[in-house]
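The values are calculated or read from the model by the stated rules, or taken from the named source; none is laboratory data. Since this is a predicted model, take the numbers as computed values, not measurements. Positions of Cβ are generated from backbone atoms using ideal geometry, with glycine treated the same way; all protein chains shown enter the neighbour counts.
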Amino acid sequence: MSVLGKKILLIISGGIAAYKALELIRLIKKSGRGVTVVMTKSAKQFVTPLSVAALSENKVYEELFSLTDEAEMGHISLSRENDLILVMPATANILAKLAHGIADDLPTTLLLATDSPILVAPAMNVRMWESPATQNNMSILRKNGIGFIGPVEGDMACGEFGFGRLSDPDDILVALNEFFAPAVKVLTGKKLLITAGPTHEPIDPVRFLGNLSSGKQGYALAVAARDAGAIVTLITGPSNEVIPLGVNAVKVTTAEQMLDAVNQALPVDIAIFAAAVADWKIADYSDKKIKKQVGDEIKTLSFVENPDILKTISNLKNNRPKLVVGFAAETDNVIDNAKAKIKRKGCDLMIVNDVSPKTGIMGGDHNKISLIKLNDEQIEHWDLASKTQIAKQIIEYIGRIKDE
Ligand code: CTP
């Protein structure tokens, strides 16, 4: 699926994230489509029109009252002859103008004059994003039918952390594809359960045993499954990801709580176990904080095994989902270990990823996976892609094999 055959007008407004527009232009071009770019005056403080023109291989428009531009195209034509206008990055300022119909330069005049759909990818400091003024403007824009891509949570250029970060160009491309070619409803009416994130196993009231899983892949699967028409229950360990709209979410902390929540969500048609469940819990939880005492020996912790949720559900006599999907997180002998794991667990499909630190997959935004089916010698290897894109592909794949 690509944005092929559709015309995009990209408006770059002036924020530090403007440099990422160059990467997006490259991705749109690579997907086989041209893009026309309009820049605000302040965008030119961050990226040069020359770089934008070179990458887009197109004229860059900047001025409202440009005699040559008006003679060639005219701003009304420029606003109309595209299938979509995308504002990326969208600053608080341009969102405010768009919400209130202010047209005081070329980009805002185009936004007011257009009859094409508008998508915006906001990017700003977390306080600016959370300010009542921006949030009120967002409500107006939503009411006016403007579509949003992000923002997401993360580190900011200003050193703060929170919401307001621009979505990755990869994910913006996925959103464009979704806009032009909405997900095929391959799972309409199917009940689907997904586990995601890490589990935390408490040691005492202030400490726990955990792992580096962010939950991103599981949450992206929940979104993709929802978009494919499934009725989704997301059972999630502690994660900073935002619960997707239209998904039933159950928040848990430990592996045992996760197993209980899974059992309660049954029966389902399909279950995907993307959580990084702690294999062990502490044998002797201390209900008081364990104190460090001078001269004491270093405390030894003992562990007991946690329930294996994937194995338990794969081996159910009653209520087993028709399709059970596991994830194999491996750091060495990746394929051999995963082949052994699918047999040991008894699931139907294993999604394998190499989580050794050099790959940056654990906690990162991208994933590279292989797929192994039980009793099938053939293994599929997929290219590196954003977790959002991988999730879409996995759901499409599940849609194809669910009735086998
Ligand atoms: N899993 C689970 N319950 C557990 C452990 C793992 O449901 N207690 C699931 C995971 O959600 C994943 C699959 O089992 O779908 C494999 O997880 P992974 O961590 O790769 O394997 P482990 O079973 O923990 O085995 P090992 O640590 O030996 O690799």
Say whether the condition of being more than 9 Å from the ligand (Cβ to nearest atom), in a strand (DSSP E or B) and of a type outside the set (S, T, N, Q) is met by at least one residue in the stretch 328-344. no
Residue pairs qualifying under the 6 Å Cβ cut-off, at least six apart or on distinct chains, with the first in the stretch 378-393 being in contact (Cβ under 8 Å) with a residue 12 or more places away in the chain and among the aliphatic types (A, V, I, L, M) and the second being surrounded by 12 or more Cβ atoms within 10 Å (Cβ to Cβ) and part of a loop (DSSP other than H, G, I, E, B), are Leu384/Lys368
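Residues in the stretch 261-314 that are of a type in the set (D, E, K, R) and in contact with a strand residue (DSSP E or B) (Cβ under 8 Å, 6 or more places away or on another chain): how many?
7
Does Asn306 satisfy being under 29 Å from Val355 (Cα atoms) and surrounded by fewer than 16 Cβ atoms within 10 Å (Cβ to Cβ)?
Values: under 29 Å from Val355 (Cα atoms): yes; surrounded by fewer than 16 Cβ atoms within 10 Å (Cβ to Cβ): no.
So Asn306 does not fit the description; no.
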Somewhere in the stretch 201-216, is a residue assigned by TED's automatic domain parsing to the domain that holds Thr91, outside any helix (DSSP H, G or I) and not aliphatic (A, V, I, L, M)? no
From the option list Leu349, Leu374, Leu316, single residue qualifying as touching a Lys or Arg at 6+ places or on another chain (Cβ under 6 Å), within 14 Å of the ligand (Cβ to nearest atom) and farther than 21 Å from Glu201 by Cα is Leu349
Could you list all residues from the stretch 374-404 that are outside any helix (DSSP H, G or I) and in contact with a helix residue (DSSP H, G or I) (Cβ under 8 Å, 6 or more places away or on another chain)? Leu374, Ile379, Trp382, Ala385, Ser386
Tally time: how many residues in the stretch 185-231 are buried (at least 22 other Cβ atoms within 10 Å of the Cβ), polar (S, T, N, Q) and closer than 21 Å to Ala175 by Cβ? 1
Which pairs do you get when a residue that is more than 12 Å from Phe208 (Cα to Cα), found in the stretch 279-292, comes within reach of a residue that is polar (S, T, N, Q) and within 16 Å of the ligand (Cβ to nearest atom), reach meaning Cβ atoms under 8 angstrom, with the pair 6+ apart or on two chains? Asp279/Asn306
So is Ala340 farther than 22 Å from Ile235 by Cβ, assigned by TED's automatic domain parsing to the domain that holds Asn211 and small (Gly, Ala, Ser) or not? yes
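Is it the case that Thr188 is out of contact with any strand residue (DSSP E or B) (no Cβ under 6 Å at 6 or more places or on another chain) and within 15 Å of the ligand (Cβ to nearest atom)?
On the way: out of contact with any strand residue (DSSP E or B) (no Cβ under 6 Å at 6 or more places or on another chain): yes; within 15 Å of the ligand (Cβ to nearest atom): no.
Taking the combined requirement at face value, the residue does not satisfy it.
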If you scan the stretch 350-373, which residues turn out to be part of a helix (DSSP H, G or I) and surrounded by 15 or more Cβ atoms within 10 Å (Cβ to Cβ)? Thr359
Out of (1) buried (at least 22 other Cβ atoms within 10 Å of the Cβ); (2) free of Cβ contacts under 8 Å to residues at least 60 places away in the same chain; (3) in contact with a Phe, Trp or Tyr (Cβ under 9 Å, 6 or more places away or on another chain); (4) part of a helix (DSSP H, G or I), the one Leu110 does not meet is (2)
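Any residue in the stretch 127-146 that is under 18 Å from the mean Cα position of the chain (by Cα), assigned by TED's automatic domain parsing to the domain that holds Asn82, of a type in the set (A, V, I, L, M, F, W, C) and at pLDDT 95 or above?
To start, the set of residues in the stretch 127-146 that are under 18 Å from the mean Cα position of the chain (by Cα) comprises none.
Among the residues of the stretch 127-146, not one is under 18 Å from the mean Cα position of the chain (by Cα), assigned by TED's automatic domain parsing to the domain that holds Asn82, of a type in the set (A, V, I, L, M, F, W, C) and at pLDDT 95 or above, which makes the answer no.
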